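Structure record follows, encoded as structure tokens.
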């Protein structure tokens, strides 16, 4: 086993993005912190880290994005200035495979922002906004569109925007020169009231897995040429659980044989075995804290990290190489409002 670097976002007014060393025993050692006001999410790409800030402009609800260069010493330094997105509560982002565009899902305004990426990874100042319209059946959570996730298809040609408010996954074609093509090439309707939140693809690119926040389930979808077709849905909670719970993060293991989904409320991680086009629930383990917002596995698949938003800490797990089962390491690192965990190169 080896030591891995990872980034954690602390979504607090005096928080920021910190780089940690994840040791083989599951302990976390802080290496460097870039101070920022309420970072929501971050993704690494080609020696850079792109991050979202909830509402960085005084008196405005609009979210912003920043480009950070990752130094050899693990430190982060801003490249260019803050770029405003035109949408509210940006909560997820993706960099196009070409590295030319950054896309963000703006939850409250139900929109998608596009920013060009220029020389040395710098973000362009001109954002482009695509708005969703409509709503769903849930009276509080689906009164309008709520874009929650942006994920590129494995072929790199299409951007999937998961919209919790619409119960839909909207698929756009992305051109290397001009970016997103506004007219969707397809729209995948999910079960009414399911509230799709986050999406992950299988390692061979033929299937996708959608974590449904409102129904606490994961839907398997077939993917082909920009089209998604739902196949089956599996619950992420034990049938006897009487309380309220909401799915959050979904991850496919590096080996491609396991799937993990976090449950906020039940405060657990559901572990599935991927068996062809089906899933088999192999266990549900406590997250080690309260309200597991995000979760990720080390690149070698030996360790896992869970960001527990409401208990203000991060827990770690060993991953069984055969079964994929999670075993708590016993380490919990304090961190104010952790929302995102990501490993460089993932």
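The values are calculated or read from the model by the stated rules, or taken from the named source; none is laboratory data. Since this is a predicted model, take the numbers as computed values, not measurements. Positions of Cβ are backbone-derived with ideal geometry, glycine not excepted, and every protein chain shown enters the neighbour counts.
Tell me, yes or no, whether the stretch 245-254 has at least one residue that is in contact (Cβ under 8 Å) with a residue 40 or more places away in the chain, touching a strand residue (DSSP E or B) at 6+ places or on another chain (Cβ under 9 Å), under 24 Å from residue 138 (Cα atoms) and in a loop (DSSP other than H, G, I, E, B). No, there is no match, as no residue in the stretch 245-254 is in contact (Cβ under 8 Å) with a residue 40 or more places away in the chain, touching a strand residue (DSSP E or B) at 6+ places or on another chain (Cβ under 9 Å), under 24 Å from residue 138 (Cα atoms) and in a loop (DSSP other than H, G, I, E, B). Filtering the stretch 69-92 for residues that are under 22 Å from residue 132 (Cβ atoms), within 18 Å of the chain's Cα centre (by Cα), at pLDDT 95 or above and not in a strand (DSSP E or B) leaves a non-empty set.
Residue-wise test of (1) part of a loop (DSSP other than H, G, I, E, B); (2) modelled with pLDDT of 95 or more; (3) under 26 Å from residue 49 (Cα atoms); (4) in contact with a strand residue (DSSP E or B) (Cβ under 6 Å, 6 or more places away or on another chain).
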position: 126; (1), (2), (3), (4): yes, no, yes, no
position: 129; (1), (2), (3), (4): no, yes, yes, yes
position: 133; (1), (2), (3), (4): yes, yes, no, no
position: 141; (1), (2), (3), (4): yes, yes, no, no
position: 144; (1), (2), (3), (4): yes, yes, no, no
position: 159; (1), (2), (3), (4): no, yes, yes, yes
position: 162; (1), (2), (3), (4): no, yes, yes, yes
position: 166; (1), (2), (3), (4): yes, yes, no, no
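With respect to the conditions (1) in contact with a strand residue (DSSP E or B) (Cβ under 8 Å, 6 or more places away or on another chain); (2) assigned to a loop (DSSP other than H, G, I, E, B); (3) at pLDDT 95 or above, residue 43 lacks only one, and its number is (2).
Any residue at all in the stretch 217-225 that's within 25 Å of residue 147 (Cβ to Cβ), surrounded by 15 or more Cβ atoms within 10 Å (Cβ to Cβ), modelled with pLDDT of 95 or more and within 16 Å of the chain's Cα centre (by Cα)? Can you show your working first?
In the first step, residues of the stretch 217-225 are kept if they are within 25 Å of residue 147 (Cβ to Cβ); the result is 217-225.
So of that shortlist, the ones also surrounded by 15 or more Cβ atoms within 10 Å (Cβ to Cβ) come out as 217-221, 223.
Imposing the further condition that a residue be modelled with pLDDT of 95 or more reduces the set to 217-221, 223.
Checking which are within 16 Å of the chain's Cα centre (by Cα) leaves us with 218.
Scanning the stretch 217-225 turns up at least one residue that is within 25 Å of residue 147 (Cβ to Cβ), surrounded by 15 or more Cβ atoms within 10 Å (Cβ to Cβ), modelled with pLDDT of 95 or more and within 16 Å of the chain's Cα centre (by Cα).
Within the stretch 188-205, restricting attention to residues that are surrounded by fewer than 14 Cβ atoms within 10 Å (Cβ to Cβ) and within 15 Å of residue 166 (Cα to Cα), which residue is nearest to the chain's Cα centre (by Cα)? So the residue we want is 189. Determine if the stretch 274-284 includes at least one residue that is within 26 Å of residue 11 (Cα to Cα) and either crowded, with 20+ Cβ neighbours inside 10 Å or over 18 Å from the mean Cα position of the chain (by Cα) (or both). So far as the stretch 274-284 goes, no, none of its residues is within 26 Å of residue 11 (Cα to Cα) and either crowded, with 20+ Cβ neighbours inside 10 Å or over 18 Å from the mean Cα position of the chain (by Cα) (or both). If the condition is being in contact with a strand residue (DSSP E or B) (Cβ under 7 Å, 6 or more places away or on another chain) and either in contact (Cβ under 8 Å) with a residue 60 or more places away in the chain or in a loop (DSSP other than H, G, I, E, B) (or both), then the stretch 98-116 contributes 99, 100, 101, 103, 107, 108, 109, 110, 112, 114, 116.
Taking every residue in the stretch 320-346 that is on the phi < 0 side of the Ramachandran plot and loosely packed, with under 13 Cβ neighbours inside 10 Å and pairing it with any residue that is modelled with pLDDT under 95 and not in a loop (DSSP other than H, G, I, E, B), at least 6 positions away or on another chain, yields no pair with a Cβ-Cβ distance below 9 Å.
Taking residue 164, is it surrounded by 22 or more Cβ atoms within 10 Å (Cβ to Cβ) and either more than 22 Å from residue 340 (Cα to Cα) or under 19 Å from the mean Cα position of the chain (by Cα) (or both)? When the stated conditions are applied, residue 164 passes them.
Here residue 192 does not qualify as under 19 Å from residue 44 (Cβ atoms), outside any strand (DSSP E or B) and in contact (Cβ under 8 Å) with a residue 12 or more places away in the chain. Got at least one residue in the stretch 76-84 being farther than 15 Å from residue 52 by Cβ and buried (at least 21 other Cβ atoms within 10 Å of the Cβ)? There is no residue in the stretch 76-84 that is farther than 15 Å from residue 52 by Cβ and buried (at least 21 other Cβ atoms within 10 Å of the Cβ). Here residue 295 clears all of (1) outside any strand (DSSP E or B); (2) within 22 Å of residue 213 (Cα to Cα) except the condition numbered (1).
Per-residue answers, yes or no, for (1) part of a strand (DSSP E or B); (2) closer than 21 Å to residue 343 by Cβ; (3) modelled with pLDDT under 95:
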| site | (1), (2), (3) |
| --- | --- |
| 24 | no, yes, no |
| 52 | yes, yes, no |
| 58 | no, no, yes |
| 66 | yes, yes, no |
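Just one of the numbered conditions (1) modelled with pLDDT of 95 or more; (2) within 20 Å of residue 211 (Cβ to Cβ); (3) within 18 Å of the chain's Cα centre (by Cα) is not true of residue 337: (2).
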